[in-house]
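A.B. asks: This structure is in structure tokens; I'll ask about it shortly.
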Amino acid sequence: MATLVTVIMDGEFGDRMDELTGADDVWLLASATNLDALERYRRAHPDLRVTTFQESVGGPPAEELVDLLPTIALHHGEYSQQPPFDRLQVHGCKANHLVLAGLESIGFRLEGPTAYGFAAIRERLA
């Protein structure tokens, strides 16, 4: 059984919350736009598990994501939930060399680019 974590790095994602179909857990950049939309979305989808996060380094989305990946792996990995997450979707960030190294460090590999960013799958247990 696949477990999907979706990460929203786009501070203007907002009203596109309906694109989150299939996500088991969502990590959402806590911008005013996203938090307003999340409040509305949660009324219709009360079971959606969402963790909000602040930008940590104020840098490009790829740097922010790489900083966030170990925390996501800790919260959704084999020591925190069964089954551990094995799919990752990222909105608002492209997979560059930093992201590829970050994915590898948590046992994932790039599945491919998407219209919204990229998808990754678990390659091995981290």
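A.B. asks: What is the sum of charges around P60, taking Lys and Arg as +1, Asp and Glu as -1, for the other residues whose C-beta is under 14 Å from the C-beta of P60?
C.D. replies: Local net charge: -4.
A.B. asks: Can you pull out the chymotrypsin sites (Phe, Trp or Tyr not before Pro) in segment 37-125 that DSSP calls coil and that have at most 13 other Cβ atoms within 10 Å?
C.D. replies: Y79
A.B. asks: Which one of L69, Y79, F118 is farthest out on the positive end of the charge dipole of segment 4-122, using unit charges on Cβ (Lys, Arg +1; Asp, Glu -1) and the Cα centre as origin?
C.D. replies: Working it through, the farthest residue towards the positive pole turns out to be Y79.
A.B. asks: Can you bin segment 42-82 into rounded, prolate or oblate? Criterion: square roots of the alpha carbon gyration tensor eigenvalues sorted a ≥ b ≥ c, rounded for a/c under 1.5, prolate for a/b above b/c, oblate for the rest.
C.D. replies: oblate
A.B. asks: Another question, then. Bin all alpha-carbon pair distances of segment 61-102 at 5 Å intervals from 0 and give each bin's fraction as a whole percent.
C.D. replies: 6, 22, 29, 22, 15, 7
A.B. asks: Taking every Cα atom in the chain, find the radius of gyration and the maximum pairwise distance Dmax, and write them in Å.
C.D. replies: 13.6, 38
A.B. asks: Assuming a ≥ b ≥ c are the square roots of the Cα gyration tensor eigenvalues, decide whether segment 1-47 counts as rounded (a/c under 1.5), prolate (otherwise, with a/b larger than b/c) or oblate. Working shown, then result.
C.D. replies: Values: a/c = 2.26, a/b = 1.40, b/c = 1.61.
Oblate is the answer for segment 1-47, as a/c is 1.5 or above yet b/c matches or exceeds a/b.
A.B. asks: So which trypsin sites (Lys or Arg not before Pro) in segment 1-87 pass both tests, a DSSP loop state and at most 15 other Cβ atoms within 10 Å of the Cβ?
C.D. replies: Here no loop site has a sparse enough neighbourhood.
Here, each number is a calculation from the coordinates, and none is a lab measurement. These numbers were taken from a predicted model, which means no experiment stands behind them. Note that each Cβ is placed from the backbone with ideal geometry, even for glycine, and that neighbours are counted across all protein chains shown.
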